[in-house]
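Chemist: Mind having a look at this structure? Questions to follow.
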Amino acid sequence: MADPQPSPLPALDVSLSVPEQFKTGVVFTKINSDRKQKQVKFRLDVDQGQILWESNKYGAVLVETIKEFRTGSNAAYDLAQLGLPFSDLPRFISTIYIRSGSYKTLNVLAPTPEILRQWENAVRAVYTTRRDLMRGLDNVEMREAIWQKMYWKGADAGGDNKLDLKEVENLCLRLNISAPPTVIKKLFDASRLPPSRNATDEGGSRKLISIKRRPEIDALYARICDGSPSKIFDFQAFEMFMKGQQQSVCSADTLKAIFAKYATQPVEGQVPVLSTTAFTTFLLSSDNAVTASASGSHQVTQNMSHPLSHYYISSSHNTYLIGHQLIGESTVEGYIRALLAGCRSVELDIWDGGDNEEPVIKHGNTLTSDIPLRDICDAINRYAFVASPYPVIISAEVHLGLESQDKMVQVLKECFGNRLVHDEDLLQDGMPKKKIDALPSVESLKEKFLFSFCSFFLMISLHQDISLPTYDMLTDRRDIRQEDY
């Protein structure tokens, strides 16, 4: 069945959110990890969704790979690590992104705080548009318009507004289309246009999109239409598919809202329908995820009232290290990345910090650097419950003398406060009052920290305020470290 004719492609509103100066380029001060500074012109490519600058290496950040913007107080630690004065904080921004599977950081100083604010807002506007595009939150025509600008412009390596076979092959690789070269060439030859037109025209792009068509989805689409009383993919057909084949428990109103996201905007006298392209987009979207609830949201639907040890726990090892385990750098960044990725168990190796100094985190007996325990705890407290509200287990190896253990207790109290689990019933005169038969439930521990350590002296020191279970009290340590929720 042929797709219904789409309405004209709308203009891209995101361009209105990006000041012209950022499209042409603004000079920022770029600060490298070795603290070297350089004046560099940065610009924001709205069509391709990239931050671009001149560089001998990469010189580009795809905005959809950005994980976090740090400005103001959230960037104070980064500013200090780069050796910059605190007075530069209003002009400083640290952008955390991923390239080739690794976390990277782009640190810059804007000319003025106002330009910094405008720059962050502009990048966020492009990011939001592209995120919504990927999640299918806008109508299909808008997504297709943005898609064409994003990918076709980037594929035109020759800059002649045409795509040759090699450029089409590279485009397929970028789109993760693993079609054999012979298939791509066959479809390319079949879609060749007269000399008066070029491959980036709307008609040409629609023909070349056939490269990524899914025959099995086309067949499913045809069966749904044939089984519909109206013989078209209207809401009635969509509801029958969702209730019959997908076993959806969503209400009719929820299904209507989902259908409206992907349906072609109707012209007067016609009902909205799903095209094969829109249907494919829906099938690949979060609206069709197996975790979607009856309300259409993606809230946790599993029973979270069981004891903590009944769940798998996403854990990290040597969380503080980035890079080599023996000579790498200890940094707050490792904890931030792990927690934002949903990790619920992080590790601390706590050592003496020297005369009159607070304890530090480092990989003992190696050449790794160290970092103050307080900095780590502040970061954990700030980022622990951004990605998940469920409890975080802090597994500590304590290598401290008695005086340093007192300092450690004080740091924990000041950084975590009442988020640290406490229960006066667990202790009596500094000793366990009774054996713990089962751990508390995950639900009851939301936004709480469990501190697991080996030093019994520390537990006695804290008994008036908090109870910190030892490994024996947390049942078998191996069970805790291998579980995931």
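Chemist: Mind listing whichever residues of segment 261-299 are modelled with pLDDT under 70 and of a type in the set (V, I, T)?
Modeler: Passing the criteria: V267, V290, T291.
Chemist: If you don't mind, there's one more thing I want to ask. With (1) buried (at least 16 other Cβ atoms within 10 Å of the Cβ); (2) aliphatic (A, V, I, L, M); (3) modelled with pLDDT under 90 as the list, and L89 as the residue in question, which single condition is left unmet?
Modeler: (3)
Chemist: How about segment 84-106: which of its residues are among the polar types (S, T, N, Q) and over 15 Å from G59 (Cα atoms)?
Modeler: If the condition is that a residue be among the polar types (S, T, N, Q) and over 15 Å from G59 (Cα atoms), then S87, S94, S102 are the ones that fit.
Chemist: From A190, A179, A199, A157, grab the single residue that is over 26 Å from the mean Cα position of the chain (by Cα), modelled with pLDDT under 75 and buried (at least 19 other Cβ atoms within 10 Å of the Cβ).
Modeler: Just one listed residue meets the conditions, A199.
Chemist: While we're here: Are any of the residues in segment 135-146 buried (at least 18 other Cβ atoms within 10 Å of the Cβ) and either modelled with pLDDT of 70 or more or within 30 Å of T29 (Cβ to Cβ) (or both)? Outline the logic, then answer.
Modeler: Of all residues in segment 135-146, those buried (at least 18 other Cβ atoms within 10 Å of the Cβ) come to 136, 139-140, 142-146.
From what is left, the residues that are either modelled with pLDDT of 70 or more or within 30 Å of T29 (Cβ to Cβ) (or both) are none.
No, because not a single residue in segment 135-146 is buried (at least 18 other Cβ atoms within 10 Å of the Cβ) and either modelled with pLDDT of 70 or more or within 30 Å of T29 (Cβ to Cβ) (or both).
Chemist: To continue, here is another question. Is it the case that some residue within segment 216-224 is modelled with pLDDT of 60 or more, in contact with a Lys or Arg (Cβ under 8 Å, 6 or more places away or on another chain) and not in a loop (DSSP other than H, G, I, E, B)?
Modeler: Taking segment 216-224 first, the residues modelled with pLDDT of 60 or more are 216-224.
Now narrow it down to the ones that are in contact with a Lys or Arg (Cβ under 8 Å, 6 or more places away or on another chain): none.
Checking segment 216-224: not a single residue is modelled with pLDDT of 60 or more, in contact with a Lys or Arg (Cβ under 8 Å, 6 or more places away or on another chain) and not in a loop (DSSP other than H, G, I, E, B).
Chemist: Ok, one more. Identify, from the list S369, S330, S345, the residue that is touching a Ser or Thr at 6+ places or on another chain (Cβ under 8 Å) and modelled with pLDDT of 85 or more.
Modeler: It is S345.
Chemist: S55 - would you say it is at pLDDT 90 or above and under 18 Å from F28 (Cα atoms)?
Modeler: Criteria not met by S55.
So that you can scan it fast, the table gives a plain yes or no per residue for (1) polar (S, T, N, Q); (2) touching a residue at least 40 places away in the same chain (Cβ under 8 Å); (3) exposed (fewer than 15 other Cβ atoms within 10 Å of the Cβ); (4) outside any strand (DSSP E or B):
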site	(1), (2), (3), (4)
V27	no, yes, yes, no
K30	no, yes, no, no
S33	yes, yes, yes, yes
E64	no, yes, no, yes
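Chemist: On the basis of being basic (K, R), at pLDDT 75 or above and exposed (fewer than 12 other Cβ atoms within 10 Å of the Cβ), does K231 make the cut?
Modeler: It is true that K231 is basic (K, R), at pLDDT 75 or above and exposed (fewer than 12 other Cβ atoms within 10 Å of the Cβ).
Chemist: Take segment 436-451 and flag every residue that is of a type outside the set (A, V, I, L, M, F, W, C) and either modelled with pLDDT of 85 or more or under 11 Å from P391 (Cα atoms) (or both).
Modeler: Correct list: P440, S441, E443, S444, K446, E447, K448.
The values are calculated or read from the model by the stated rules, or taken from the named source; none is laboratory data. A quick note: this is a predicted structure, and the numbers were derived from the prediction, not measured. Here Cβ is always computed from backbone atoms with ideal geometry, including for glycine, and neighbour counts include all displayed protein chains.
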